[in-house]
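Chemist: Before I ask anything, here is the structure I am working with.
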Amino acid sequence: MPVTFRPAEEKDTALLLKFIRALAEYEHMLDDVVATEEILKEWLFERRVAEAFFALEGETEVGFALYFHNFSTFLGRGGIYLEDLFVLPEHRGKGYGKAILSRLAQIARARGCGRLDFACLNWNQPSIDVYLSLGAEPMNEWKVYRFSGEALHALASKID
């Protein structure tokens, strides 16, 4: 059965949270999820800082992607950053993950974006293998850093 896609709508907030929690469980990070339906509604559908879509098998949502625009100063144009991609375990091996990436590439191309960026956990070799098979290039010379929680608050208070 061919995969189809539909954009996430405000009425899908509970379903988005379900997918986010399933992804977090897969990544052994469920305790880190503090998102709620209210938070997702505000940031995705009121502030519109990110977008999401579902991959469907027939009428059933089997995967999702959540992404937002970034900017490359070197390219002088926007790009898309894929924050999350997840396919339910019982639907893996059917090409849905590849189809989601292809759909994101179509969106990036249609919007004139210069690239599609994402991160992957070091231990997630099945996903890494898929990305490499599709032509993704690992950015081994880069290391990701993050300020969050108390570190973010402390940094924000450093400016006098």
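The values are calculated or read from the model by the stated rules, or taken from the named source; none is laboratory data. A quick note: this is a predicted structure, and the numbers were derived from the prediction, not measured. Every residue, glycine among them, receives a Cβ derived from its backbone with ideal geometry; neighbour counts consider all protein chains shown.
Chemist: Take the conditions modelled with pLDDT of 95 or more, hydrophobic (A, V, I, L, M, F, W, C), within 20 Å of ILE20 (Cα to Cα) and in a helix (DSSP H, G or I) and apply them to LEU82. Does it pass?
Modeler: No; evaluated as a whole, the condition is false for this residue.
Chemist: Name the residue that is nearest to VAL3 (Cα to Cα), counting only residues in the stretch 31-84 that are loosely packed, with under 14 Cβ neighbours inside 10 Å and among the hydroxyl-bearing types (Ser, Thr, Tyr).
Modeler: Step by step, filter the stretch 31-84, then rank; the result is THR60.
Chemist: A further question follows. List pairs: first in the stretch 108-132 and outside any loop (DSSP other than H, G, I, E, B), second polar (S, T, N, Q), Cβ under 7 Å, 6+ apart or cross-chain?
Modeler: ASP117/ASN70
Chemist: Then there is this: Go through the stretch 1-46 and count every residue that is among the hydroxyl-bearing types (Ser, Thr, Tyr) and touching a strand residue (DSSP E or B) at 6+ places or on another chain (Cβ under 8 Å).
Modeler: 2
Chemist: Take the residues in the stretch 23-54 that are aromatic (Phe, Trp, Tyr) and not in a strand (DSSP E or B), then tell me which one is farthest from the chain's Cα centre (by Cα).
Modeler: Selected residue: PHE45.
Chemist: Here's a follow-up. Among what's in the stretch 92-106 and is surrounded by 17 or more Cβ atoms within 10 Å (Cβ to Cβ) and without any contact (Cβ under 8 Å) to a residue 40 or more places away in the chain, pick the residue that is farthest from LEU132 (Cα to Cα).
Modeler: So, considering only residues that are surrounded by 17 or more Cβ atoms within 10 Å (Cβ to Cβ) and without any contact (Cβ under 8 Å) to a residue 40 or more places away in the chain, the one farthest from LEU132 (Cα to Cα) is LEU104.
Chemist: Here are some conditions: (1) touching a Lys or Arg at 6+ places or on another chain (Cβ under 7 Å); (2) under 20 Å from ILE107 (Cα atoms). GLY76 meets all but one. Which one does it not meet?
Modeler: (1)
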